[in-house]
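The values are calculated or read from the model by the stated rules, or taken from the named source; none is laboratory data. Note that this is a predicted model, so its numbers are computed, not measured. Cβ coordinates were reconstructed from backbone atoms using ideal geometry, including for glycine residues, and neighbour counts include every protein chain displayed. Accessible surface is based on the protein model in full, side chains and every heavy atom, while ligands, DNA and RNA are left aside. Shrake-Rupley method; radii C 1.70, N 1.55, O 1.52, S 1.80 Å.
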Amino acid sequence: MYHIEVRHLKKYYEVHHKAPGFWGSLRSLVRRETRTVRAVDDISFTVAPGEIVGFLGPNGAGKTTTLKVLSGLLYPTAGEVRVLGFTPHERQPAFLRQITLVMGQKQQLLWDLPAIETLLINKAIYEIPDDEFRRTLDELTELLELGTLLTKQVRKLSLGERMKCELAAALLHRPKVLFLDEPTIGLDVTMQAKVRQFIAEYNARYGATVLLTSHYMADVAALAKRVIIIDHGHLVYDGDLETLVQQVAPYKVITVTLRQSVSPSVLKPFGHVLAANGVKVSIQVPRGTTSRVAARLLQEFAVDDLTIEEPPLEEIIQHVFTGGIREASPDVA
Amino acid sequence: MRYVRLLWLFFKNSLLVEMEYRVNFALNTLLSVLWLGVRLAAVLAFFVHRPTIGGWTLPEALIVLGLFNVFSGIIDAVLRPNMDQIVEHIRKGTMDFILTKPVNSQFLASLRVFVVWNLADVVLGLGVIVYALGRLDFRPSSAQVAVFAALLVAGVVIVYAFWMLLVTLAFWFVRVSNITELFSTFFTAGRFPVTVYPDWVRWLLTFIVPVALLTTFPAASLLGRLTATYALLSLGMAAGLLVASAAFWNYAVRHYASASS
């Protein structure tokens, strides 16, 4: 039994095309030219209960559209979608009670009132009994470190504080499936980490299924073991994040700080020199040889510091989009 | 029960928000009184040279005016502010939050905010009706009051449903204030008993833009002048329009593309 099942999902939009300028506007009044945008074009995947899946793709790839179809906001053009056994776009109350949608760029909190008022409205909407409400609120307050934030006027909160309250409002009814669309957008690094940690905790505590989109690779790397990558409405990769990294980027980066600078040519035999910045040098090394190369470096040079890192995820994803995955992934249709 | 509780919460929240603008409250009430004065003057002007217009004496016509005031209060307190909200929700895409809640989305979207002070118009309007009945020295029977109350409720339903039919167009056009302005223009015709208008206007105001059902019909029922057929017409229209507005809303939601991302 899967929590989310998507089979051959397609979502096309008709958009009006307007030539620029005044005459363009005038002409479009008379004759509207429409163009079909294939936001999602034949995507299939399944998500098991309790899984956290990272949804990646460049802007306009179809991530948000897919989330909206899954949460029942959009009608699919074709294909079959089941979430918790329901057909989302029927928007049955029993379905809506078990899901939630959090969008980093939109807020449901009432702007002029303290966040607690929105929570009380949601309590009434989801018909949460008093004692359960208090218990959940206590837990969320603890997990999100809400403190006294809930009783402050929403417009007086910082972006990060608002996002915390937003999450509390969205999770009050303890949904089984979470659709998170850019939940950390615009937040500073510490706040991002906190939101991330919260999502992980929530998932662990309630066994909730999480489908998450984010621009910040750190979010995805920290939370999701599995990623789904889509581009131009097509599924490009679906699988383990680690496997993806190994396939697309079969190397690691060793960065050493030397006691005295050396010429880059001396380092050539160790691997591909990415940057030689005086005493600080970065070398790209094949995965399997990393520890051996590191040992040799330590042996042959006076080294102050040495770190071994995974290549930045941004780079890997970039690589996927420029076609690097085609030979690497077994899942390409 | 859940809906009553929600309604109460929304009302309370709106009150909380407005408490912050107390000066606004004073100004609004003053404006309500001024507007009532203007409306009264307009009606009085018609009676300067004649004892009746369209078969209605001045105090009788005042009942119609009182009802007009009641409904303009409801429009300003409930319908207009919620329309603005709906347009905002569609423009910004926050309608998503309404549509993912397990309650009737039309209810949630259309009865969310109240400009409570504008309800002063409702109170003033009812005051005018009581005053007019006093001037007439007429005590309606309890049956007449009951029919009046039913028609008043029907009127509220009609104006809500009709307004929602217009506002739902926002799902396609986003900006709908021009359309509702058009309604307001027709609505002002409701200050007078419809019998003052030529036949075709009367027909228009009864069946197309049902303004007569809001003011003239309940007033006539209070005075014991409304036939059962017309009372039933009003109730039927209310039910029909409510069903139509719900159907249109659901149709619109299905076509909702939810703005931006």
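Descriptive notes on the structure:
- Viscosity 1.002 mPa s, 20 °C: Kirkwood-radius Stokes-Einstein D of the protein assembly as shown over Cα pairs, µm²/s: 75 µm²/s
- Taken about its Cα centre, the stretch A:4-245 carries a charge dipole of roughly 880 debye when the Cβ of each Lys and Arg holds +1 and the Cβ of each Asp and Glu holds -1.
- Gyration tensor (alpha-carbon) shape descriptor, the stretch A:109-204, a/c threshold 1.5: oblate
- The candidates B:Tyr21, B:Tyr131, arranged from most to least accessible area with a 1.4 Å probe in the full protein assembly, appear as B:Tyr131, B:Tyr21.
- When its C-alpha radius of gyration is set against 2.2 N^0.38 Å (N residues), the stretch A:1-146 gives a value of 1.37.
- Under the convention that each Lys and Arg Cβ holds +1 and each Asp and Glu Cβ holds -1, the size of the dipole of the protein assembly as shown around its Cα centre is about 1200 debye.
- Calculated P(r) tail over 14 Å for the stretch B:86-158, as whole % of Cα pairs: 76 percent
- Debye-formula intensities of the stretch A:179-293, expressed as log10 I(q)/I(0) at q = 0.09, 0.10, 0.23 Å⁻¹, are -0.40, -0.48, -1.17 (one equal scatterer per alpha-carbon, no solvent).
- DSSP bridge pairs, chain A: antiparallel proportion in percent, nearest 5: 70 percent
- Value of relative contact order over chain A, rounded to a whole percent, pairs C-alpha under 8 Å and six or more apart: 18 percent
- Using a 1.4 Å probe over protein heavy atoms, the accessible area lost on pairing B with A, summed over both chains, comes to approximately 2800 Å².
- Note on the stretch A:4-245: Rg/Rh from C-alpha atoms, Kirkwood Rh, equals 1.01.
- Once the Kirkwood radius over Cα pairs is known for the stretch A:250-309, the Stokes-Einstein relation at 10 °C and 1.306 mPa s delivers a diffusion coefficient of 143 µm²/s.
- A straight Cα-to-Cα reach below 17 Å connects A:Lys11 with the lysines A:Lys63, A:Lys68, residues fewer than 8 places away in its own chain not being considered.
- Carbon/sulfur fraction of accessible area - chain B, other protein chains in place, 1.4 Å, %: 70 percent
- Antiparallel beta bridges, as assigned by DSSP with both residues in the protein assembly as shown, represent about 70 percent of the total such bridges.
- Anchor B:Lys101: aspartates and glutamates whose Cα lies under 12 Å away (excluding residues fewer than 8 positions away in-chain): A:Glu127
- A straight Cα-to-Cα reach below 25 Å connects A:Lys280 with the lysines A:Lys252, A:Lys268, residues fewer than 8 places away in its own chain not being considered.
- Accessible area per residue in Å² at 1.4 Å probe, computed on chain B: 46 Å²
- Contact order, relative form, for the stretch B:2-255: 26 percent (alpha carbon pairs under 8 Å, 6 or more residues apart, mean separation divided by residue count).
- Scalar couplings 3J(HN,Hα) for the stretch B:122-134, obtained by applying the Karplus form with A = 6.51, B = -1.76, C = 1.60 to θ = phi - 60°, are 5, 5, 4, x, 5, x, 4, 4, 4, 4, 5, 4, x Hz; x denotes Gly and Pro.
- Per-residue average of Cβ from other chains inside 10 Å of B:5-11: 3
- Amide H contacts of A:Leu74: A:Val69, each under 5 Å away and 5 or more positions distant or on a separate chain (H built 1.01 Å from N in the peptide plane; Pro and chain starts excluded).
- The stretch B:2-255 - Rg and Dmax from Cα coordinates, angstrom: 18.8, 60
- For the cross-link pairs A:Lys10/A:Lys194; A:Lys106/A:Lys176; A:Lys156/A:Lys194, the ones whose C-alpha atoms lie over 23 Å apart are A:Lys10/A:Lys194.
- B:Tyr251, A:Tyr12, B:Tyr160, ranked by accessible area, largest first (probe 1.4 Å): B:Tyr251, A:Tyr12, B:Tyr160
- Hydrodynamic radius of the stretch B:160-252 per Kirkwood, over alpha carbon pairs, in Å: 14.2 Å
- Length released on extending from B:Asp84 to B:Tyr3, taking residue separation times 0.36 nm less the Cα-Cα span: 27.0 nm
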